[in-house]
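The values are calculated or read from the model by the stated rules, or taken from the named source; none is laboratory data. Quantities reported herein were computed from a predicted structural model and do not represent experimental measurements. FYI the Cβ positions are ideal-geometry reconstructions off the backbone, even for glycines, and counts take in every protein chain you see.
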Amino acid sequence: MKVLRTTEQLAAHRAALAPDRRVAFVPTMGYLHEGHLSLLREARRRVPPEAGEVVLSIFVNPTQFDRADDLDAYPRDEAGDLEKARSVGVDVVFCPDDPAELYPPGHATFVEVEGLDRHLCGASRPGHFRGVCTVVLKLWNLVRPDLAFFGEKDFQQLAIVQRMHRDLFLGGTIVPMPTVREPDGLALSSRNARLSPEARVQARALPRFLAQVRARFEAGERRVAALLDGAERALAPGRVDYVSVVDAETLAPVDRVAAPAVAAAAVFYGPVRLIDHVRLVP
Ligand code: PAF
């Protein structure tokens, strides 16, 4: 497994790759868990060693954090990540030591997908998706993947990256991958590592509440007020950032579910903000 530290090394590696070799790319911010590993295993399955390479990036992207304390607290474990990457057959890891590799002095270009970032996490984390799109585009241009894997857990991120991919004719294919969950339903996230034991137990309320929303929907309820009734109580003692039902295409809030929609929530358990969602398809 090759570990590349600079954009120059990554670009040179990509340029030297024979044209018939395929590239499967998994961008991450590290602190790899089973969710990431499921993306990497699928990347390896789709692009076996005889067909090409699996490229993993590990980069805690500063421009997608709206709070400095959140960036500082983001968990990191490079040695553990490299070990895990090796265990699932990754060929190349790009993990720059210095954020200036991706944001050199004088960097002035950002990418924004208008509209889709107006609601949900986009509303409560100003600039977050601008940072995500900017770094994903930079990485995409360096890696030039045939396939790129993104988790469905961050469904707003996935929708925005898919729109950028389409609008900017990036080539290659985005492969959405299902959310991986703990046995008690909590969606895997690198942020889970920062939950205290007490908050970890409380956080079960998030998938439990969303499962209840889906059960109400499946029982025929279509009014959003009724679907989300009792949310604050059900999610307590978590502090609700948002809980909302949005159109699956536009991500705009709806009052009634008449077309495919998503019930999504962001809730703080202690200082840790967790997100989750369920799809509601009439
Ligand atoms: O989902 C993530 O881990 C990040 O947002 C991504 C896509 C790697 C961009 O930094």
| query | For the subset of segment 149-188 comprising residues that are among the basic types (Lys, Arg) and under 15 Å from Gly35 (Cα atoms), which member is nearest to the ligand (Cβ to nearest atom)? | reply | Lys153
| query | How do the pairs read when you match residues in segment 62-75 that are acidic (Asp, Glu) with residues anywhere that are assigned to a helix (DSSP H, G or I), using Cβ under 9 Å and keeping only pairs 6 or more apart or on different chains? | reply | Asp66/Ser124; Asp66/His128; Asp66/Gly131
| query | Looking at segment 109-167, what helices (runs of 4 or more DSSP H) fall wholly within it and have at least 1 residues that are closer than 22 Å to Arg41 by Cβ and among the β-branched types (Val, Ile, Thr)? | reply | 128-143, 155-167
| message | Looking at Ala264, Ala248, can you tell me which residue is within 18 Å of the chain's Cα centre (by Cα) and within 16 Å of the ligand (Cβ to nearest atom)? | response | Ala264
| said: Please go through segment 15-40 and give me each residue that is of a type outside the set (A, V, I, L, M, F, W, C) and either within 18 Å of Val60 (Cβ to Cβ) or buried (at least 18 other Cβ atoms within 10 Å of the Cβ) (or both), ordered by number. | reply: Pro27, Thr28, Gly30, Tyr31, His33, Gly35, His36, Ser38
| said: Checking the structure you have, find out if any residue of segment 33-55 is of a type in the set (S, T, N, Q) and either more than 30 Å from Pro19 (Cβ to Cβ) or within 14 Å of the ligand (Cβ to nearest atom) (or both). | reply: yes
| Out of all the residues in segment 113-126, is one or more within 12 Å of the ligand (Cβ to nearest atom) and closer than 22 Å to Gly172 by Cα? | no
| Glu78 versus (1) in contact with a Cys (Cβ under 8 Å, 6 or more places away or on another chain); (2) within 12 Å of the ligand (Cβ to nearest atom): which is the lone unmet condition? | (2)
| Are there any pairs, at least 6 apart or on different chains, whose C-beta atoms fall under 7 Å, with the first in segment 122-133 and closer than 16 Å to Asp69 by Cβ and the second of a type in the set (A, V, I, L, M), and if so, which? | Ser124/Ala266
| said: With the structure loaded, tell me whether Glu182 is within 23 Å of Tyr31 (Cα to Cα), over 19 Å from the mean Cα position of the chain (by Cα) and acidic (Asp, Glu) or whether it fails that test. | reply: no
| said: Suppose we filter Ala24, Ala51, Ala16 for residues that are free of Cβ contacts under 8 Å to residues at least 12 places away in the same chain and aliphatic (A, V, I, L, M); which single one remains? | reply: Ala16
| field | Contacts under 6 angstrom Cβ, first residue in segment 205-224 being among the small types (Gly, Ala, Ser), partner not in a strand (DSSP E or B), 6 or more apart | value | Ala205/Leu235
| said: If I filter segment 262-271 for residues that are in contact with a Ser or Thr (Cβ under 8 Å, 6 or more places away or on another chain), more than 16 Å from Gln156 (Cβ to Cβ) and modelled with pLDDT of 95 or more, do I get at least one hit? | reply: yes
| note | The number of residues in segment 223-254 that are buried (at least 17 other Cβ atoms within 10 Å of the Cβ) and of a type in the set (D, E, K, R) is 1
